[in-house]
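Q: Quick one: the structure is below, and I'll ask about it shortly.
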């Protein structure tokens, strides 16, 4: 820093694509101070190293930073300055300062806020922010390279929309934006969708690290890292895409190619989404095309991608059948194992479930890290099951398992909480009220475009009557063989995204009691049309998940006749759909086991 | 216009205080083209006169503008340009234009948008917006003067917070705003609350047209219009306030006095709420104090005023008892009159109800224009009962009455829909589902700070299941002897205002069927605390309105046991609380009438 005359170096937990999870290359904070949280920013000066993060990560950061010398700045707590304000105060009295930031990992809004504070705080106009990708390369000797996993192309007959149809669609969008001549995409889920490609560059998310530029007559994909191996899937994929007019460029050539493109091809404005574009790329675009030629707004891919087409829905229906088989086999195995007095740890259970999913044709790994949590562990909604010395599942109380898979024909996510022995009154009541919440949302009928915060309330209302609640959202959107968390919709108290037919979303209320237990019941639901009348168009949910709910500890007196009817019909349909296949896998005994589990109540 | 070299004159339906209802002085559009809607803007050029308004007013505007030569521009419809865009296109090719606007009636955001479009559209920098209060004075010869009704002061022992306490509170707020030395208030409801004063300057809203400036050591009230009559209430009020340190100024001296204040008194910044400040005052402030000395944000009075104190709540409880007596007497009278075959029109009924309210001690007029609507009339949520040839109430179907009063100790608003004879299945089902919605919201328990859109969903959910809905919000905040519509809270699908204990709000779902009937059931509810546990603080509603719901046409099979229990308990409490007083007013017969009306069902 002193050689380069940097007063401040900024490091972010983000990757250049604002991904939910970053590849190892961008986990600079772990390298610097041991911090592995998904959100945070680090500020390094000659005499201070600080990590700024929000309340979700306070406990984790405190533990991980222990002994590193890095100071935790708790965002949102009284007295905690924002990073720009902290920098201004730290260097108060100076005429000017130089701040270096890995511009690829910073957001446009953060850099412009920082610039504004620097302009205001230092009288000399020489204060500057140096956006540079190599701040870290320079310091981090054994920095992991940019991931370069095999790239596969999807069978276009199976995804409902070909590349050419997607290009035509986005060009139609462009035609509706005055003066728009090109769209630049940097979100990895959006690029995977546009090109019908998938990779394994990031754990759990089948994305390909790349940028995509679509103009009126060209498609430029900035994706190549290493040399492409002969005979590899990547080679085939590139050849296929090239034959369809997609120009393949090196990933890191995006910066120089944008200049060439602006000079030779751009005839109007370029559309970008500032929520996902990184600051370095934005600065480059401003230089190459001129700020006046940048149109910013939400990427049209976000909503289009969320409205699943018929083929995708068909895939989802199949994948939830297969996934249900795996989870039922797991629950059957667990019950037998515990009944036989076997010692099963949370980790053992997770491994068993993973292995059953791996038997499914088209399985491409998990969609997130399996949460296998017994008793008090389940009270942490984002519990991380320890690989060593994981707690044993004892034959009493509740066990919670939240897991999902990636498949060529869909992405799954399911949570079941099951009694593994006698349960307390509190466990039974919490279990029942969470199921009541999930059922109520499942049964909802609502107008087209209903704001998602309203759906959230429908899940919570009965729980609220017993003075219970949960601190997370009720649901998140899910991609099609893509990220398990994909918007724009999510069901939360403060999100007003309008619901539309075709959206696939989780329905997962919960109740958590520190030190005691946690309950979460999660199905995935598809939003479908439910007719139209003088009051407008109507929507409802169609449940995709196919796996029974345990009824043995329900306090049925807390359920209405309609709720019981829904539950009985659901469990019966699970039995009817799965039993033959389950019997084929596991033998005769599982038939009577599932029959017993799915018998109607009351 | 040609003498003054104006190319465009802009006229707005707003008053200088962004009031919901304007006094006659600011109803320039009615004078210009006969339009009486509460929202709209008029653009006059040498060859065009146009009215811009939104879909709520299309039908009304079309009817009222008939033959006036004024063209209706339907905002929000495809192809309709905004006013700035229309002006830019109308004068395309010109180097510069001059736009005159009554700056007092324009919003800061509109004028800045217009300025931006002018700058962009005309190359010559001489284009200008002349903000002037006298554009209309000049043209409108018999323009009504600024209202100057009697000003009264409230008994400070009865409103729970004295002026001095309110001044101390707002100065505490100022201390929390860096550099803030003064707050300027221009919303009439906020000023009435701050000074514990009321007037009758605007129909239904007991406000005093004025501005209020509170600094660290001064309180300046810009209020005087005519000479104050000797011995008048206004004289007493001014004397009282002056004795408490309030400096009384002429209303129209605000502009010049702001310069004096900025020069002599202001030691820092001045806080304003741009949502209510008019463009002329903002421009004056920029000149007087400098734009850098203006702090803008939501006025702190809005929320403070909405959180009713103990005294106000006590007043509300009393006023809803008295108001309930009037409405029950009205319902009793109507039933008897119709049973005796009397001819009762919607207008007659409204007059009867108004006269019964007028008997209440402390009555200060209605809080809005009584909606008295029979059959198809009730299908219009904002039906205006005709004064002449009003439809007769016939002995079949549904009659709806939505009304409220202003009283020294509170403001009321109540809707009852009653069967005045045999009803159809559809009327019965709609009636029942609306009541079910109202009851569900009444019974809700929810976390402190729940976004209001979630409460809205609780009212609608069961109605949605039958594919029914309504196009208006479920509830609005209510002032204490103040406006019947006062925020910040309102219960709507898209409003996320957090609910807090102390808020008084309406609960008024409905179902409307064009040409047939309308149903709305409205109670006023107070948000109260409901304990605290590990999940946080809890709230619920306490119903203030005291008037029975007719149960004779209910489809009880559509109600849950809990809903029936709520309804029976409510009707019983109405009987218990009101019957003695009703009997004293009307004689013995009303006792058995109300007993019969409030008998428990099922």
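Each value in this text was obtained by applying a stated rule to the coordinates, not by laboratory testing. Keep in mind that this is a model prediction, so the values were computed, not measured. All Cβ positions, glycine included, derive from the backbone under ideal geometry; neighbour counts span all protein chains shown.
Q: Expressed in whole Å with the largest first, what are the equivalent ellipsoid semi-axes of the stretch B:269-314 derived from the C-alpha gyration tensor as the square root of 5 times each eigenvalue? Working shown, then result.
A: Details: eigenvalues 181, 20, 11 Å².
Those come to 30, 10, 7 Å.
Q: Let me ask you something else. Could you check what % of the DSSP bridge pairs in chain A are antiparallel, to the nearest 5? Spell out each step's value before the answer.
A: Values: 59 of 81 bridges.
Once the DSSP bridges in chain A are tallied, antiparallel ones form about 75 percent.
Q: Just want the ordering: B:174, A:161, from fewest to most Cβ atoms lying within 10 Å of their own Cβ.
A: Numbers: B:174 22, A:161 18.
In order of increasing Cβ crowding within 10 Å: A:161, B:174.
Q: Still on this model: Measure nothing but the geometry: give the 0 to 90° angle between the long axis through the Cα atoms of B:108-121 and the longest principal axis through the Cα atoms of chain B, rounded to 10°.
A: 50 degrees
Q: Now, a different point. Report, to the nearest 10°, how far helix B:425-443 tilts away from the longest principal axis of the Cα atoms in chain B, using its own Cα long axis and a range of 0 to 90°.
A: Computed tilt is about 70 degrees.
Q: Using Cα atoms only, what is the angle between the long axis of helix B:163-175 and the major principal axis of chain B, expressed in degrees (0 to 90) to the nearest 10?
A: Long axis of B:163-175 versus the principal axis of chain B: about 60 degrees.
Q: Still on this structure: Which whole-number percent gives the relative contact order of the stretch A:276-435, counting Cα pairs below 8 Å spaced six or more residues apart? If you can, show how the numbers build up before the last one.
A: Numbers: 194 pairs, mean separation 32.8, N = 160.
It comes to 20 percent, rounded to a whole number.
Q: Right, next: Over 19 Å, how big is the tail of the calculated P(r) for the stretch A:205-317, in percent of all Cα pairs?
A: Details: 3534 of 6328 pairs.
Counting pairs separated by more than 19 Å, the tail of P(r) holds 56 percent.
Q: Would you mind getting me the FRET efficiency between residue A:588 and residue A:77? Use the beta-carbon distance for r and R0 = 56 Å, nearest 0.05.
A: On the way: r = 59 Å, r/R0 = 1.06.
Efficiency computed from Cβ-Cβ geometry: 0.40.
Q: Under the √(5λ) rule applied to the eigenvalues of the Cα gyration tensor, what semi-axes describe the equivalent ellipsoid of the stretch B:5-155? Give them in Å, descending.
A: 27, 19, 15
Q: List the pair-distance distribution P(r) of the stretch B:304-346, using every Cα-Cα distance, as the percent of pairs falling in each 5 Å bin from 0 up to the bin containing the longest distance, rounded to whole percents.
A: That works out to 5, 19, 16, 14, 11, 9, 9, 8, 6, 2, 0, in percent per bin.
Q: Shifting gears a bit: Mind grabbing the base-10 log of I(q)/I(0) for the stretch A:373-435 at q = 0.11, 0.19, 0.25 Å⁻¹? Debye formula, identical points on the C-alpha positions, no solvent, two decimal places.
A: Calculated log10 I(q)/I(0) at the listed q: -0.31, -0.79, -1.12.
Q: Taking other Cβ within 10 Å of each residue's Cβ, how do B:270, B:170 sort, fewest first?
A: Values: B:270 25, B:170 22.
In increasing order of surrounding Cβ atoms, one gets B:170, B:270.
Q: Okay, next question. Quote to one decimal, in nm, the extra length available between residue A:577 and residue A:165 on full extension: 0.36 nm per residue of separation minus the C-alpha distance between them.
A: Details: separation 412, 0.36 × 412 = 148.32 nm, distance 3.50 nm.
Length difference between fully extended and current span is 144.8 nm.
Q: Find, to one decimal place in angstroms, the Kirkwood hydrodynamic radius of the stretch A:252-371, where the mean of 1/r is taken over every pair of different Cα atoms and then inverted.
A: After inverting the mean inverse Cα-Cα distance, the result is 19.1 Å.
Q: Which value, in Å³ per residue, describes the convex hull spanned by the Cα atoms of the protein assembly as shown? Mind showing how you got there, number by number?
A: Working: hull volume 247.7 nm³, N = 1204.
It comes to 206 Å³ per residue, whole-number rounded.
Q: Taking the Cα atoms of the stretch B:434-476, what is the range of coordinates along each of the three principal axes, in descending order and whole Å?
A: 30, 19, 16
Q: Using the Kirkwood radius over Cα pairs, work out the Stokes-Einstein diffusion coefficient for the stretch B:369-476 at 20 °C and 1.002 mPa s, in µm²/s as a whole number.
A: This corresponds to a translational diffusion coefficient of 136 µm²/s.
Q: Would you mind listing how long the stretch B:111-153 runs along its three principal axes, going by Cα atoms, in whole Å with the largest first?
A: Here the Cα extents, ordered largest to smallest, are 52, 29, 11 Å.
Q: Can you show me the helix-derived [θ] at 222 nm for the protein assembly as shown, built from DSSP H runs with n ≥ 4 at -39,500 (n - 2.57) apiece and divided by the number of residues, rounded to the nearest 500.
A: Details: 36 runs with 436 residues, N = 1204.
So the calculated ellipticity at 222 nm is -11500 deg cm²/dmol.
Q: Starting from the 7 Å offset along Cα-to-Cβ, what nm value, one decimal, do you get for the label separation of residue B:396 and residue A:562?
A: Reported label-point gap for residue B:396 and residue A:562 is 3.2 nm.
Q: Order these by the 10 Å Cβ neighbour count, fewest first: A:505, B:284, B:36. Intermediate results must be reported in sequence, preceding the final value.
A: Working: A:505 26, B:284 20, B:36 14.
Starting with the residue having the fewest Cβ neighbours, the order is B:36, B:284, A:505.
Q: Could you give me the radius of gyration and the Dmax of the stretch B:512-602, taking only the C-alpha atoms into account and expressing both in angstrom?
A: Every Cα atom of the stretch B:512-602 included, Rg and Dmax give 16.8, 53 Å.
Q: Every other copy gets compared here: list the nm distances from the residue B:515 label point (7 Å along Cα to Cβ) to its counterparts, shortest first, one decimal.
A: From this label point to the equivalent ones elsewhere in the assembly: 6.7 nm.
Q: I need to check one value: relative contact order of chain B, counting alpha carbon pairs closer than 8 Å and at least 6 residues apart, in percent.
A: Numbers: 1213 pairs, mean separation 61.0, N = 602.
Reported relative contact order: 10 percent.
Q: Using the 2.2 N^0.38 Å rule of thumb for compact globular proteins, work out how the stretch A:132-262 stacks up: its C-alpha Rg over that value, please.
A: Details: Rg = 15.5 Å, N = 131, 2.2 N^0.38 = 14.0 Å.
It is 1.11.
Q: Taking the simple approach of a point 7 Å from Cα along Cα-to-Cβ for both residue B:314 and residue B:336, what is their distance in nm?
A: Here the modelled spin labels are 3.5 nm apart.
Q: Sort all Cα-Cα distances of chain A into consecutive 10 angstrom bins from zero, then give the percent of pairs in each bin up to the one containing the longest distance.
A: Pairs per bin, as whole percents: 3, 15, 24, 25, 19, 10, 3, 0, 0.
Q: With a Förster radius of 35 Å, plug the Cβ-Cβ distance of residue A:172 and residue B:494 into 1/(1 + (r/R0)^6) and report the FRET value to the nearest 0.05.
A: Details: r = 29 Å, r/R0 = 0.82.
The pair residue A:172/residue B:494 has a calculated efficiency of 0.75.
Q: Calculate the spin-label point distance for residue B:516 paired with residue A:54, positioning each point 7 Å from the Cα along the beta-carbon direction, and give it in nanometres.
A: Rounded to a tenth, the inter-label distance reads 4.7 nm.
Q: As an exercise, use a Förster radius of 30 Å and the Cβ-Cβ distance of residue A:291 and residue A:5 to find the FRET efficiency, rounded to the nearest 0.05. Provide the component values of the computation, followed by the final result.
A: On the way: r = 28 Å, r/R0 = 0.93.
With R0 = 30 Å, the Cβ-Cβ based efficiency is 0.60.
Q: Kirkwood hydrodynamic radius of the stretch B:539-592 from all distinct Cα pairs, in Å?
A: Final number for the Kirkwood radius of the stretch B:539-592 is 12.8 Å.
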